[in-house]
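The values are calculated or read from the model by the stated rules, or taken from the named source; none is laboratory data. Quick caveat, the model's predicted, so the values are computed rather than measured. Note: ideal-geometry Cβ built from the backbone for every residue, glycine included; neighbour counts use all protein chains shown. Side chains included, ligands, DNA and RNA excluded: accessible areas come from the protein's heavy atoms. Shrake-Rupley method; radii C 1.70, N 1.55, O 1.52, S 1.80 Å.
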Amino acid sequence: MKAQCILCETIDELDDKKFKTKQLRNKPIRMYLCPECEGRIAEKTVARINSGKFEFHKPKTKSFIEKPAKHE
């Protein structure tokens, strides 16, 4: 199945066996984002939330990006 990214308008060939493809096929209202755009938006969203200037309406108990613990 071919899908077009709503931001950069690139056309990607999606594997028919993946869950995301099934969602797009069954509910065409859903928007498709290519992996590059999806990753870029996720990074910016996490950075904005962790900056402290973003008012998050759910109780924030920990940072969204945690550094892995060192095993010694």
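Given the structure, is residue 55 open to solvent by 100 Å² or more (accessible area, probe 1.4 Å) and at pLDDT 85 or above?
Details: open to solvent by 100 Å² or more (accessible area, probe 1.4 Å): yes; at pLDDT 85 or above: no.
Judged against the criteria, residue 55 is not a match.
How many residues are at negative phi and either more than 12 Å from the chain's Cα centre (by Cα) or assigned to a loop (DSSP other than H, G, I, E, B) (or both) when one looks only at the stretch 21-60?
Summing the residues that are at negative phi and either more than 12 Å from the chain's Cα centre (by Cα) or assigned to a loop (DSSP other than H, G, I, E, B) (or both) in the stretch 21-60 gives 27.
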field: Cβ-Cβ under 6 Å pairs, at least 6 apart or on other chains, the stretch 1-30 side within 21 Å of residue 42 (Cα to Cα), far side acidic (Asp, Glu)
entry: 3/12
task: Pull up the stretch 5-26, narrow it to residues that are touching a strand residue (DSSP E or B) at 6+ places or on another chain (Cβ under 8 Å) and of a type in the set (A, V, I, L, M, F, W, C), then point me to the one that is most open to solvent (accessible area, probe 1.4 Å).
output: 11
